[in-house]
Amino acid sequence: MSSGSDKEPVIDRKARMKLPFKDLVFRPPEERVQDFDPVARLLTPEEAIEAARRCIHCPDPAPCQEACPGHNNISAALKLIEEGDFIGAAELYRQISSLPEICGLVCPHEDLCQGHCVRAKRGEPVLTGALEAFVTDYQRKHGEIKVAVGPDSGRKVAIIGAGPAGLSCADLLRGFGHAVTIFERYPAPGGLLLYGIPNFKLPKETVHARIQDILDAGVEFVGNTRIGVDKSIDDLLADGFDAVFIGVGTGVDATMDAPGSDLPGVHLATDFLVRTNVDPKLLPEDQRGKLEVGRRVVVIGGGDTASDCLRSALRLGAEEVTCLYRRTEAEMPGNKKDRHLAEEEGAKFRFLTQPIRYIEGADGSVAAVECLQCELGEPDDSGRRRPIPIEGSNFTVEADTVILALGYWPDESIGKTTMDLETHKWGLIVVDDETGASSRKGIFAGGDAVTGPSLVVNAMLAGRRAAEAINEFLMG
């Protein structure tokens, strides 16, 4: 950053290393389980300046910037925050990110930018994610946010899926001047951001506000339309669209083929989270019924979705909430911070446990889960040690509600209804890694529909890369 001279200001790194660390302020667990409000409050301006001053501004390339999937210029943004230029910092984040207010809240910063901060070697890192969330929130309250709109190109693009990949693709395409229509199977735009992530992690008003920015730029939205079922991609091309971007994510819940899986009280994670965390007015009619979880809830799985289900069940009033996972905690794929918050709020974890059967109660609903104890064997294809059930170790865990959070599969309907569109691994779309171009001319894809379940930031970046490639394709 310029200081009014030709030389950069000298950074006294030793002095900055002595500045104390102040963590985010979290609401007490007994308070936060009473509602779905965010568990931590945003930084104040004074706290943000204080937190940014702890950055020692490492020589390029800074480890935090290298660890960010978008290679955000975090050091420069923190320098602006330190100087009180919060809106300037927010604009810097927006140069490479279509969803900085969302990534600042939901990215696993402990594994990315924040986790690679050199200060972590001798103490606590700089709160990079919280600072990104603060400045983008400040900008919305005190500044102006507008999606750039270029001169009309006369070209039309259809986007399938209104999640992070589709929204980010639409953001950039409007800057190129192309007309954009987003098709979404749910009634409202947002995808995973609205329907998959609970409010205590990502406030719905933050999602709605960013979507409104994109809609205000002239993007059209068509809800309750599942491409591949209600309409085909060929129908879209016949309707006059010049290119198509597929950003549908991986929205099919993995299931467990076990006796009793059709019992009342056994839920798939997506249905449970949608009916628990989303305004019924934004749901399909068949998902608007209120869920009664009872006193005891069991969640099966070990990823982020499992943590979201555990914490949501506690907020619905369940007294005993237990996670069953067939490996040990060391092999769990979910975010450690979310798991810690779930434990603080009262969730229990039972490891090396393999469910094998759901037991029916006197009322015809699920009453318990029969399990086997496991031990770990040799690593499997994922690199994690394989769980081996121990014969004769059967035991039961009582449950009024069981939630299956076993991961997600791609929706095969688009691949099966689109001629010459190459797919693999049960429906993931094959694309060029740099452009998102599929095997069929004019059709692009990105996000989880290509990679399988991944991070919001990766889907966002894939949407932006595809938008640039679509623009080149359209302008020839």
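One residue stands out among those in segment 240-258 that are more than 21 Å from ALA437 (Cα to Cα) and acidic (Asp, Glu): the one that is modelled with the lowest pLDDT, which is ASP257. Take GLU220 and decide whether it is surrounded by fewer than 16 Cβ atoms within 10 Å (Cβ to Cβ) and under 17 Å from the mean Cα position of the chain (by Cα). Taking the combined requirement at face value, the residue does not satisfy it. Taking strands (runs of 3 or more DSSP E) as the structural unit, those lying wholly within segment 342-454 and holding at least 2 residues that are among the β-branched types (Val, Ile, Thr) correspond to 353-360, 366-379, 395-398, 401-404. The single condition from (1) modelled with pLDDT of 95 or more; (2) out of contact with any helix residue (DSSP H, G or I) (no Cβ under 7 Å at 6 or more places or on another chain); (3) part of a helix (DSSP H, G or I) that ALA330 fails is (1).
Across segment 27-39, not a single residue is classified as in a strand (DSSP E or B), surrounded by fewer than 16 Cβ atoms within 10 Å (Cβ to Cβ) and either touching a helix residue (DSSP H, G or I) at 6+ places or on another chain (Cβ under 8 Å) or assigned by TED's automatic domain parsing to the domain that holds GLY115 (or both).
Residue selection: THR322 satisfies the criterion of being in contact (Cβ under 8 Å) with a residue 40 or more places away in the chain, closer than 30 Å to GLY129 by Cβ and surrounded by fewer than 22 Cβ atoms within 10 Å (Cβ to Cβ). For GLU132, the stated conditions hold: it is buried (at least 24 other Cβ atoms within 10 Å of the Cβ), over 27 Å from GLY415 (Cα atoms) and of a type outside the set (Gly, Ala, Ser).
Checking the structure you have, find out if any residue of segment 281-293 is outside any loop (DSSP other than H, G, I, E, B) and of a type in the set (Val, Ile, Thr). Looking through segment 281-293, none of the residues is outside any loop (DSSP other than H, G, I, E, B) and of a type in the set (Val, Ile, Thr).
Okay, residues lined up against (1) assigned by TED's automatic domain parsing to the domain that holds THR401; (2) modelled with pLDDT of 95 or more; (3) closer than 24 Å to VAL39 by Cβ; (4) under 25 Å from the mean Cα position of the chain (by Cα):
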residue: ASP234; (1), (2), (3), (4): no, yes, no, no
residue: PHE272; (1), (2), (3), (4): yes, yes, yes, yes
residue: ASN277; (1), (2), (3), (4): yes, no, yes, yes
residue: VAL299; (1), (2), (3), (4): yes, yes, yes, yes
residue: LEU310; (1), (2), (3), (4): yes, yes, yes, yes
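Residues that are over 24 Å from TYR186 (Cα atoms) and buried (at least 19 other Cβ atoms within 10 Å of the Cβ) within segment 135-174 comprise VAL135, THR136, ASP137, TYR138, GLN139, ARG155, listed in sequence order.
The values are calculated or read from the model by the stated rules, or taken from the named source; none is laboratory data. Bear in mind that the values here come from a model prediction, so they are computed numbers and not experimental data. Please note: Cβ atoms are built from the backbone with ideal geometry, for glycine as well, and neighbour counts cover all protein chains shown.
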